Each structure stands twice: as C-alpha cells, then as structure tokens.
Amino acid sequence: MTEMDPSKKVADRYLKREVLGEGTYGVVYKAIDTKTGQTVAIKKIRLGKQKEGINFTALREIKLLKELKDPNIIELIDAFPHKGNLHLVFEFMETDLEAVIRDRNIFLSPADIKSYIQMTLKGLAFCHKKWVLHRDMKPNNLLIGPNGQLKLADFGLARIFGSPDRKFTHQVFARWYRAPELLFGTKQYGSGVDVWAAACIFAELLLRRPFLQGTSDIDQLGKIFAAFGTPTSSQWPDMVYLPDYVEYQYVPAPPLRSLFPMASDDALDLLSKMFTYDPKVRISVQQALEHRYFSSAPPPTDPPKLPRPNPKSRVSDYNPQEGPTVLSPPRKSRRVMPDRDRFEGNSDQAEKVDDRVGERQAVGDIAGKNEQVPMSIDFSIFGSKPLSRPTINSFRMSLVLACRNRLSMDQASKGLSHHLGLSSRSIVQTFFLNK
Amino acid sequence: MAANFWTSSHCKQLLDPEQVDVVHQQDKDKGITLEEFKLIKTHMANYILKLAQHVKVRQRVVATAVTYMRRVYTRKSMTEYDPRLVAPTCLYLASKAEESTVQARLLVFYIKKLYSDEKYRYEIKDILEMEMKILEALNYYLVVFHPYRTLSQLLQDAGMSDINMTQLSWGLVNDTYKMDLILIHPPYLIALACIYIASVHKEKDITSWFEELRVDMNVVKNISMEILDFYESNKMIADERINTAFSKLALKP
C-alpha cells in the first residue's frame, strides 16, 4: 500500500476555493492541496435521496480510476469522507476539447489535431489494455490540463469488459458518438464502440463541428449511412442479426474526401478504418496508434504548445444568444426497457430535450418526468466555461436497472467438508512424495 | 473479470500469511486468540453467503464481499468494526461494485429473518454509515480478481470440464473463501490447487498436464494442503467456539 494513512486524510488538507458547479451527484469546487501546493477539483458526492448510500456512478468511477493510472487519464488523487459525504479529489483541469473545438479564435493546424487525437487514443488504449470500456467518449469528457495534456475523464459509465457472454446495455454514449452496432441494439459489444466514438471526435476536430448530428436513433443511423453509404451484408455480415436491425434504403457512399476536403490522405485512411461498420473488422485503438498517420509529417504538436481557449476572455466573450455551433445531442429520454419500443419513445421525447438545449442549461433531464434526477455536469465544469451540453449522467441511474441482469447465483456454494476427508489428503501427499 | 491481474491493485496488495494472521491489539486485550480471529472471519464468510442466497446475487459478488471483509480485518479491529455489521455491509458494497446492486432495505429484511439474535440486528442507516468506513478501510480499492474464470479456462485446457470435475472444483473454490487464501495468493494458483484436489479426489491423473504448466508446483501443493487442513480442522460446525469468541468481543475493555 503506497497511500498515506487514511486517518490523516482530513478535509483541512485542502483549502477550499470557489464552487465550480453543481454536478450529477453533488457540488464540485476548486481547492488547493496544502500538502503538494497543487490546484485540485473536489467532487462532493451527495448521498442519494433513496437511502442507497454511496452513489453508484461515483462508486464506479472510484473503482476504475483507482486501477487506471496513466498520463492521459484523469487522476483520482484522493478520496475522503467529510461530514458524512464522500469527497473525490481530482487534478484540476483548465478546459476541455469541446471548448477548444468550438472556440472560433483558435486555429487548429493538422499537427495540433494529430496531437489531440493521439492523446485521446493513448488514454483509450490504456483503458482497453486494462479491459475497461469508457462508453462515454465525447469532446467534453476529454479534459485539458495546464500543460496541454489531454486526459480522459468521467468514468461513470465505464465498465470492465471481456467476460464472455455478459450482456451490456446499448444505451451508452451521447447519440452523436454512438456506434452503429449500438444503434441497432446490440448488447454484446467490445472496445470497437469507443473506437467509433474516437473517430467521431477525430472528425469533429477536422470539421470543427460535430460530424453526425442525428436527432433520433433512426436519424443518427441515417446520418451515418449518408456519410459512409448503407452497409451491405458483405461489409457487415452480422448486422442483420442485431436486435433492432431495420432495413434502410440503400444510399451509396460519397467519396470520403468530399466530406473532409482539408484532411491529409493518411488522416482519411485512418478515419475510414476507425469508421469501419463491422466492429470485428474495425481497427483497434492500438492499431490506430500505430497507423502511419502518426508517423508521417507533420509530427504531432507538443502538448504545451497546443492552442487553447484563453481562460480570461472565454467567459466574457461568451454570448449565449449567439450560441456556438456545437451542441451535444439530446439524450435518450426514457428508461432502459427491453428493446422494441425504443424508437417511438425516443422521438417523443426528443423535442422536449431539444427545448432544454435551447435554454442553455446543463440539465440533462433524461428521465423525462422524473424531476428527482439531479442536474448533470461531467468534468466540463472543471473548465470555467458555461455549461451547455445536456449530459448522460442523470440517465445513469436507469442504466443500473439494465445492468442487473443475471442476478441469480451462478452456482450455489457447496459445503464440501463431508466429501473430503483424510483419504484425499493422504492421496495428495502421496502424489507429491512420488514426484 | 478479464482485466489485467498483473497490473491490478489486487496483485499489488497481496500479503504474506504473517501479515494476515495478526490479531489487532484491541481484540487481543479482550482475549481473542488467533484461532478465534480466524473462526469469526470464517463464520462471517458463511453469513455473507447465507444472506447472498436470500437476496440472490451472483457468486462473484459473494466472493468480492468476503474479500472486502477479510481486507478490512487486516487493518481494523473487530472491536471497532463489529463483524456482524461489517459482513452485510461488505455484501452491500460488493453488490454495487460488481454491478448487481442489492437494496439495503432488502438486506435488513433478511438479516431480521435469519437472525433472532439482537446483536445481528442492524438498520439501514448503520449499513450506510459502515459503507463509508469500509470504503476508507479498503483505501477505495474495489476491483478484486477471483479464481472462477481461470478455473473454467484451466479445466477446459486440461480436458476435464465435465460436470463432475467442474462442480467439485467450483465448490472447492467457493470454500477457499472461508479462509484467507484470496488475500495471499494470486487467484490462478488457488484455482490450480482446487483443480488439483478435485483431480485427486476423482482419481484422475493429470500429472503430465500440471508438469507442462509453468507454475511453481510447490506453491500449488502448499495451497492444496492448506485447503485440506482447513477441511480437517473444521469438520464440526463450531457454534460454541464462535459464541465464546463473540462473548469475548463483547467485553468492555
């Protein structure tokens, strides 16, 4: 155990500064760690109203971040209880990739784009190496630190994967970043879903706007097919077996070049491999990092030299009326139910959520009628920019239900004492003596 | 779980037996012996299993809960952390960490159903309070690896995944949680020891398969012996001994 004695972890190690915002499960504030002089962001986890102890999403995040230590993953520095609430201490991050992408004063050179996407993939590669799926990749979950380092954050939806046959919910990711297999309702998926989302982020860096802005799941698939052509069964043999598969009218793929006129050939090649329909064929994160795009000129920009929004001007420049072009998609508005009724249910609610986006509030009111759901925030609050995107967080509690599949005992424990007596002990001993 | 064991916090936290078999001073002052310390932990592992069977969670939740409980007592005394509250709370926390959440009120309901003894009776608020303390005692490390997954893979590899061998070795793995093995050995070695015992018991000779594995057979042998010794010494359910131990814990310091 490398950590310090837990008894020393008291709240007065940290000098509390201004509140950064209200999160899904409590207040986030800025603080100074008196032990290291470091600026940190502290998430205060409010205990749930339903008397269910420590917030499930927070617990997931703690569980995974304690295992994931990497330069491109947000660091959970400390955790401590104080006045009955759990507090999580993270490194303080100045801004996030969404703020970079939508800041019109910033010019992103091909080398800058390469650097940002490389750091994104490096963080993701580390997760996948540890068999963790992030499941909520999007620009405002990619935080940027004072030295320009990009770090993956918000692991509240992340899961350990790799157990065969374990079924997951397909209701993950903000819609615009959702892979086609998820939109077709697959429950057994792998790291390819994060690759697709990373490809969307790559495209967003190139275009400076979200690439595939679907307004419903159906529309999202339509946008995907319009960009890459309707997949054929030779391209993606398993597609027709997916639970929510519906046949789409065939549209041919326009040349990728026409969608990304400014991108290099290498960038386009990597992009097309990350946007491969069949998740079994889709490039892995590790393979993507080894792609020649990253070794060809220009080399990725050194993180400290990357362009970032000016923290001072950012707030005052911001005009909510004008509004930036970048907005996250509205979230799914209903609880996870077994399949089928998804499409109608979703389109019903889509307008409602869109309205909220118009109000420029950070209310990810996913649960629709459920007013109890707390406000959403994500790490975007760590930058001082105004909140805009509705987030998936409040939707998570309903995911809990979906994750509770297979509750029955795999196999009851059997007391075996009566099976095994002295006889087997002596047999074992004999074996080892003989060896 | 398929995450990488060798780089996990679980791997880094493995202890020597001497570090696990330490009765905390506060408990020692009340006359708790090492044997009683172990006995209470075994009893609590059984308690967790019994509760789990009622609330219906997966086996790995039980295994994780027992591991949490055993880790807590490498750092905290039973005087401070009453096992009869720690056990259900560990199950509660493990159910969340393993994505099979169980409601606290359901646990409380079954505790009341299972035990008439007042000393087992705790309310929801007690469990929620203890949850925070346990998280802290665990230093917020929640990912635990278990032998089950390796077990099935190894059995298949050895060509012995028939129902008899699977059930026997699986049951043996379940029983290893009545001991501290999970704190001391990597899960795959525990799995191997269980396969070993099962193969001997079923009179199946897989010596050559073992020899092909690049593992230290001495460690496998020692774990096997420990498991068999445990069966030997726990042939009788020692209710009386547990009651004696608990009455000692109840003493005023």
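The values are calculated or read from the model by the stated rules, or taken from the named source; none is laboratory data. As the structure is a computational prediction, the values presented were derived from the model and not from experiment. All Cβ positions, glycine included, derive from the backbone under ideal geometry; neighbour counts span all protein chains shown. Quick note on the areas: whole protein, heavy atoms, side chains included, nothing else; ligands and nucleic acids left out. Shrake-Rupley method; radii C 1.70, N 1.55, O 1.52, S 1.80 Å.
Quick look at the values:
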item	result
Length-normalised contact order for chain B - Cα pairs under 8 Å, 6+ apart - percent	26 percent
Contact order normalised by residue count of the range A:95-305, Cα under 8 Å, 6+ apart, percent	25 percent
Most mobile listed residue (B:C11, B:C194, B:C90) in chain B, GNM with C-alpha springs under 10 Å	B:C11
Shape call, the range B:1-81: gyration tensor on alpha carbons, a/c limit 1.5	oblate
Extension gain, A:R209 back to A:R257 (0.36 nm per residue minus Cα-Cα distance, nm)	15.6 nm
Sum of -39500 (n - 2.57) over DSSP H runs of 4+, divided by residues of chain B (222 nm, nearest 500)	-20000 deg cm²/dmol
Restricting the range B:75-171 to trypsin sites (Lys or Arg not before Pro) in coil, as DSSP defines it, with at most 16 other Cβ within 10 Å	B:R75, B:R121
Rounded to 10°, Cα long-axis angle of helix B:163-176 versus longest principal axis of chain B	40 degrees
Unit charges on C-beta of K, R, D, E only; dipole of chain B, Debye	880 debye
Stokes-Einstein D for the range A:6-91, Kirkwood Rh over Cα pairs, 37 °C, 0.692 mPa s (µm²/s)	245 µm²/s
Degrees between helix B:59-72 axis and first principal axis of chain B (Cα, 0 to 90, nearest 10)	60 degrees
Full-extension gain in nm, A:Q249 to A:D265, via 0.36 nm per residue minus C-alpha separation	2.8 nm
Accessible surface of B:I182 - all protein chains present, 1.4 Å probe, nearest 10 Å²	10 Å²
List of the range B:159-200 residues, accessible area with partners at least 30 Å² below that of the chain alone (1.4 Å probe)	B:Q167, B:L168, B:W170, B:N174, B:D175, B:Y196, B:V200
Neighbour cut-off at most 15 other Cβ (10 Å), DSSP loop, trypsin sites (Lys or Arg not before Pro), the range A:211-305	A:K280
For chain B: rounded, prolate or oblate by the Cα gyration tensor [a/c cutoff 1.5]	prolate
Protection proxy ranking, peptides A:137-144, B:186-193, average beta carbon neighbours within 10 Å, highest first	A:137-144, B:186-193
Protein accessible surface hidden between A and B, which excludes ligands and nucleic acids, total in Å², probe 1.4 Å	5600 Å²
Apportionment of accessible area to carbon and sulfur, the range B:148-233, percent (1.4 Å)	45 percent
A:M274, B:M217, reordered so the largest accessible area comes first (probe 1.4 Å)	B:M217, A:M274
For chain B, built as a Gaussian network whose Cα springs stay under 10 Å, the top-fluctuating residue of B:D175, B:D216, B:D29	B:D216
Kirkwood Rh in Å, taken over all unlike Cα pairs in the range A:95-305	17.4 Å
Accessible area expressed per residue, the range B:148-233, with surrounding protein chains retained (probe 1.4 Å, Å²)	40 Å²
GluC sites (Glu not before Pro) within the range B:8-106, DSSP loop, no more than 16 other Cβ atoms inside 10 Å	B:E80
